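Notes for the one structure printed next.
What follows is calculated from the coordinates using simple rules that are stated; it is not laboratory data. Bear in mind the structure is a predicted one, so any value in this text is a computation, not a measurement. Because the Cβ atoms are built from the backbone with ideal geometry, glycine has one as well, and the counts that use them run over all protein chains shown.
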Amino acid sequence: MTLESYEKKRNLSRTPEPSAKVKKTPRQRFVVQEHRATRLHWDFRLELDGVLKSWAVPKGPPVESGIRRLAVQVEDHPVDYITFHGTIPKGNYGAGSVKIWDKGTFRLKTRTDDMYEFWLKGKRLNGRYALVRFKEKNWLIFKTKTQD
Ligand code: MN
């Protein structure tokens, strides 16, 4: 079960976060959630395989090309998490506020174990992006210069 890690980290009766349910939809949506937890970060999530593939980006995903930001891969989240915002109560995993910073759709160009290339169509994030793994859970996210 792919959301095992999501479920293990949480006591789902004590947080308003969605239940650990895999849900295949024909949509390709993304979301960026501003998460004021112990440390402020932005969670970048792509809807794939019935889950949200997720990365925590300490400085937030870049709006412009030429900037590379660290993106630490975290556990897959349920698709229903895509609309989640609000407060995770004190004492729970990820306690703090969650706000939707951007959302939209994406089109996947390339996907390997270590690299994703995709087009984002959101309000703040638009254009061609890449996520490239450089070590274990550590990836870089950046906007690529586009001609095509
Ligand atoms: Mn987070």
>> Of the candidates Thr38, Thr105, Thr83, which one comes out as most mobile in a Gaussian network treatment of the chain with C-alpha springs shorter than 10 Å?
In response: Thr38
>> Taking the Cα centre as origin and putting +1 on Lys and Arg beta-carbons and -1 on Asp and Glu beta-carbons, what dipole magnitude results for region 3-143, to the nearest 20 debye?
In response: 340
> Given H placed 1.01 Å from N in the peptide plane, which residues other than close sequence neighbours of Ala95 have an amide H under 5 Å from its amide H?
Replying inline: none
> Based on Cα positions only, what radius of gyration and what Dmax would you give for the chain, in angstroms?
Replying inline: 14.7, 49
> What dipole magnitude, in Debye to the nearest 20, does region 1-74 give about its Cα centre under +1 on Lys/Arg Cβ and -1 on Asp/Glu Cβ?
Replying inline: 80
> Using a basic spin-label model with each label point 7 Å from the Cα along Cα→Cβ, how many nm lie between Glu4 and Thr83?
Replying inline: 3.0
> So which trypsin sites (Lys or Arg not before Pro) in region 69-148 are both in a DSSP loop and have at most 13 other Cβ atoms within 10 Å of their Cβ?
Replying inline: Lys90, Lys123, Arg124, Lys137, Lys145
> Residue farthest toward the positive end of the dipole of the chain, with Cβ of Lys/Arg at +1 and Asp/Glu at -1: which of Thr83, Phe118, Pro62?
Replying inline: Pro62
